[in-house]
């Protein structure tokens, strides 16, 4: 649910990059869940490593989305209001 909410809120805030990374992270979480259940059902080691890699990819996607939220602030179309308001 968090991933869906993050994507919706970022689209409303016109942050399409954050929304894309959130959706990709959610897809990776779903893939990790399927491979985790496959590992529990069939006990294949490859399912475990795929689950771990997909979970790592999801964490990387969410970290990238958080980085984009911090770094890219919305810019005013009028520019800075004063010389001290540049940073």
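Please treat every number below as a calculation from the coordinates, not as lab data. Since this is a predicted model, take the numbers as computed values, not measurements. We place every Cβ from the backbone using ideal geometry, glycine too, and count neighbours over all the protein chains shown.
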Checklist entry - Ranking 8, 18, 71, 29 by Cβ neighbours within 10 Å, fewest first, what do you get? => result 71, 8, 29, 18
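Would you mind ranking 40, 24, 11 by Cβ crowding within 10 Å, fewest neighbours first?
40, 11, 24
Normalized C-alpha radius of gyration of region 1-50, against 2.2 N^0.38 Å?
Cα-based Rg divided by the globular estimate yields 1.48.
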Item to check | Mean separation of Cα contacts under 8 Å (6+ apart) over length of region 2-72, as relative contact order % | outcome: 35
Checklist entry - What is the fewest-to-most order of 48, 10 by other Cβ atoms lying within 10 Å of their Cβ? => result 48, 10
Checklist entry - At residue 56 and residue 11, where each label point lies 7 Å from the Cα along Cα→Cβ, what is the point-to-point distance in nanometres? => result 3.1
